[in-house]
Ligand SMILES: Nc1ncnc2c1ncn2[C@@H]1O[C@H](COP(=O)(O)OP(=O)(O)OP(=O)(O)O)[C@@H](O)[C@H]1O
Ligand SMILES: [Mg+2]
């Protein structure tokens, strides 16, 4: 599955790579918030300027981001079409029954597309430059305050890190199963819709079986080593908040303030 | 009609930071009706090599000729069915790829995909389940209720059911008990001898190499280190150790005998039969010497 880029970590030594995962998570959420505040050309220019400079700073080639968008392409196309057809207001270019293409519809379609792009690219940047386990650690640290209201933060973090850890393993497994079924004459990704749906069964059933087997193996292994939740474990990997993290955060806050001024 | 590799290089994940060259300049030939064993250290590229032979992976540069059909980097993914029916492939741990409701349906899956008629495919399933040494009342059971060894046999039957002329087996006996191992290897040998199928076997079992193969390909770090008969490959002990390979057990035993003063004038025996014949010969000579 060479094409699938989501959830992949690309090692590097850049500023972005070295940041604390907590900082990256906070900044990413803040950025997504900003994206929803943007509502005119200038504000979108600002949003993308911030995004592109962050990407450049990470040293990861742009090709990866384009690959990251591909799996969600159809969702984007669908949303844009809905917006164009059903968005109302402004000059009417074309209409047929209750469907019409209007100026306002086209503009909001473009904005929605830009939002999609910005959010996907930012989350891709986060996963490309942060190891899955670091993301899980970051989430756990950020959610710590919720422990006061007895929210099972550690369990959640464990679930998250297990899930993230096994994404690549499952992908490899899926590739192997697909190869084995190809050798038995399955054509993945060709033929009509009916044909294609049929090829899903020989892939998904073995994949589920192996995922369940693996899950039960892990559960048994954890129990055998005496795992129990809520024990206030100390960490082998410690997170360190550094100057770079504060500086990056500050830049984003400034960008946010500027955005509030230039939006309509 | 045979399989030839011409200057084949293969890279995993081409043009990405994860690019990794798994095959380096491979040139080799596998003749029709031969029994070829592929050996080598873990990660040496054996699985990558055999997956080129039915175009599951395609050479990054160079080309492969399978029965007159060329496979290059540009070969389209369409119309490969004829090739894949011709060159059957049993993967590592094939039991993890079963999915149908019943054993019969699973075995019939390949043949039906390759365009065999329903009735013929069913007949094949019934015949092959027996041939791989399973009871025929297993046919209507779910493959997921079977033991690991039984599942392995069902998976092998599923590949054989398409009646491939060339059969690739990637460590088919890994993780089986000694009896299961023997039975599977005897089945493979039977297919080779009685039906004249070309066999390509990836294995870590040097005994099987010594016993069945007529050509051995030694892989190391993505390169073909040596091609030759088992006799040639197992003759140089230091060379084998250098490439992290073992001798067949019988040969190891013969070497210990040598250290105790025994001598094997022709060559070291590779399997029990050769050892027995050699011993019988020498004991016989000594025996007749005493008589005379
Ligand atoms: N999907 C993949 N992506 C990247 N690298 C891979 C992939 N599959 C295998 N490799 C690498 O290619 C090399 C050869 O792998 P291969 O599976 O062919 O080895 P092998 O000889 O079959 O080993 P084993 O005896 O363990 O089965 C290894 O270094 C492996 O890490
Ligand atoms: Mg292998």
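Nothing in this text is a laboratory measurement; each read-out follows from the coordinates by a stated rule. Keep in mind that what you see is a predicted model, and the values were worked out from it rather than measured. Quick reminder, even Gly has a Cβ in these numbers, built from the backbone with ideal geometry, and neighbours come from all protein chains shown.
The strands (runs of 3 or more DSSP E) found wholly in region B:1-117 and carrying at least 3 residues that are in contact with a strand residue (DSSP E or B) (Cβ under 7 Å, 6 or more places away or on another chain) occupy B:2-12, B:20-31, B:35-40, B:61-66, B:87-90.
Yes/no per residue for (1) away from ligand 2 (no atom under 16 Å from the Cβ); (2) more than 18 Å from the chain's Cα centre (by Cα):
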residue: B:13; (1), (2): yes, yes
residue: B:23; (1), (2): no, yes
residue: B:29; (1), (2): yes, no
residue: B:47; (1), (2): no, no
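Scanning region B:30-85 for residues that are closer than 16 Å to residue B:227 by Cα and within 16 Å of ligand 1 (Cβ to nearest atom) yields B:36, B:37, B:38, B:39, B:40, B:41, B:44, B:45, B:46, B:49, B:50.
Among the residues making up region B:81-115, those that are out of contact with any helix residue (DSSP H, G or I) (no Cβ under 7 Å at 6 or more places or on another chain) and either more than 8 Å from chain A (Cβ to nearest Cβ) or in contact (Cβ under 8 Å) with a residue 60 or more places away in the chain (or both) are B:82, B:83, B:85, B:86, B:87, B:93, B:101, B:102, B:105, B:115. Within region B:216-247, being surrounded by fewer than 20 Cβ atoms within 10 Å (Cβ to Cβ) and touching a residue at least 60 places away in the same chain (Cβ under 8 Å) holds for B:220, B:221, B:223, B:225, B:227, B:243, B:244.
Among the conditions (1) in contact with a helix residue (DSSP H, G or I) (Cβ under 8 Å, 6 or more places away or on another chain); (2) more than 10 Å from chain B (Cβ to nearest Cβ), the only one that residue A:185 does not satisfy is (2).
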